[in-house]
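Worksheet for the structure shown next.
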Amino acid sequence: MEEGAILSLPQKRYYRQRAHSNPIADHCFEYPSCPEEFDWTTLYPDIKSNAVEFADIGCGYGGFLVTLGKMFPDKYALGMEIRVKVSDYVMDRIKALRTLNPGSYGNIACIRTNAMKYLPNYFKKAQLSKMFFLYPDPHFKKAKHKWRIINNALLSEYAYVLRKGGLVYTITDVEDLHKWMVSHLEGHPLFERLTEEETKLDPITPKLYQSSEEGAKVVRNKGDHFVAIFRRV
Ligand code: SAM
């Protein structure tokens, strides 16, 4: 999109893509060899190096990322999305939002990447304070469980990029996946679940339900929501 041509937000219907992209396949991604290599100013006009604190993993069409941008104007948030058209949509959406609202949304950005492979290429040890896994792909069949974005090996990687006290947010409408995520996180020595009271008091909790496109769909269809938040110990 030409900078001067932005008069409105992009339309999702021009960016549709089939629901799943194999996260284990070798797509051609460009990625930095280490976090210090990455020039963050290509994504955020005013950023100091490695200042991103929030990661929205599998951000989809970016609705929650936009909410984060508004809620936390002083924090930088990165959406990571594997599907090319979907990530293009989020990038165009943010570009349009910045043009239509001068001075706002400079703190959110999206990259197309495979978050199951390249997180430590972008984030240093203990860099992040929050990671979001909102309505992740359920991969129902047993043979596809290895595609699930929460698993033992990846949890150790998430613990590496999260600082102590940092939080992992999960929400899904699929009870079986919720139980899977909770049992893996509870079984990992570096995570402990927030109590119900702590979960209720977190100002982000109410936003988890429908800020994202997938969440809004679940609300429209009157589906269930299962939330679990874990602290990096
Ligand atoms: N979080 C968004 C929401 O709540 O609307 C999207 C949910 S959608 C069901 C799951 C998203 O995760 C899809 O857009 C998918 O392309 C993305 N995804 C799946 N595996 C991924 C991976 N390994 N790296 C980055 N994105 C991934």
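The values are calculated or read from the model by the stated rules, or taken from the named source; none is laboratory data. Keep in mind it's a predicted model, so treat the numbers as computed, not measured. Cβ sites come from the backbone with ideal geometry, for glycine too, and all protein chains shown count toward neighbours.
Take the residues in the range 1-34 that are of a type in the set (A, V, I, L, M, F, W, C), at pLDDT below 85 and surrounded by 10 or more Cβ atoms within 10 Å (Cβ to Cβ), then tell me which one is farthest from the ligand (Cβ to nearest atom).
The extreme case among them is I6.
Would you call A96 crowded, with 19+ Cβ neighbours inside 10 Å, more than 10 Å from the ligand (Cβ to nearest atom) and at pLDDT 95 or above?
Here the answer is no, as A96 does not meet what is asked.
Of the residues P136, P102, P73, only one is surrounded by fewer than 23 Cβ atoms within 10 Å (Cβ to Cβ), within 16 Å of the ligand (Cβ to nearest atom) and not acidic (D, E); which?
Residue meeting the stated conditions: P136.
Take M91 and tell me if it is surrounded by fewer than 23 Cβ atoms within 10 Å (Cβ to Cβ) and under 20 Å from G166 (Cβ atoms).
No, not satisfied.
What residue, among those in the range 139-184 that are among the basic types (K, R) and touching a residue at least 60 places away in the same chain (Cβ under 8 Å), is surrounded by the most Cβ atoms within 10 Å (Cβ to Cβ)?
R163
Within the group E192, E157, which residue is away from the ligand (no atom under 14 Å from the Cβ) and at pLDDT 95 or above?
On the way: E157 fails: away from the ligand (no atom under 14 Å from the Cβ).
It is E192.
Hey, among the residues in the range 105-133 that are hydroxyl-bearing (S, T, Y) and away from the ligand (no atom under 16 Å from the Cβ), which one's surrounded by the fewest Cβ atoms within 10 Å (Cβ to Cβ)? Explain how you work it out, then say what you get.
Residues of the range 105-133 that are hydroxyl-bearing (S, T, Y), as a first pass: 105, 113, 118, 122, 129.
Next, from what is left, pick out any that are away from the ligand (no atom under 16 Å from the Cβ): 105, 129.
Numbers: Y105: 22, S129: 17.
Only one residue fits best here, namely S129.
Which condition does S129 not pass, out of (1) under 18 Å from L155 (Cα atoms); (2) out of contact with any strand residue (DSSP E or B) (no Cβ under 6 Å at 6 or more places or on another chain); (3) not charged (D, E, K, R), if it passes all the others?
Condition not satisfied by S129: (2).
On the given criteria, is Y31 among the aromatic types (F, W, Y), in a loop (DSSP other than H, G, I, E, B) and within 30 Å of L7 (Cα to Cα)?
no
Going through the range 195-213 one residue at a time, which ones are within 16 Å of the ligand (Cβ to nearest atom) and in a helix (DSSP H, G or I)?
T205, P206, K207, L208, Y209, Q210, E213, listed by residue number.
Consider L119 carefully, then state whether it is touching a residue at least 24 places away in the same chain (Cβ under 8 Å), within 14 Å of the chain's Cα centre (by Cα) and farther than 16 Å from E213 by Cβ. Before you say what the answer is, go through the steps one by one.
Working: touching a residue at least 24 places away in the same chain (Cβ under 8 Å): yes; within 14 Å of the chain's Cα centre (by Cα): yes; farther than 16 Å from E213 by Cβ: yes.
For L119, the condition - touching a residue at least 24 places away in the same chain (Cβ under 8 Å), within 14 Å of the chain's Cα centre (by Cα) and farther than 16 Å from E213 by Cβ - is met.
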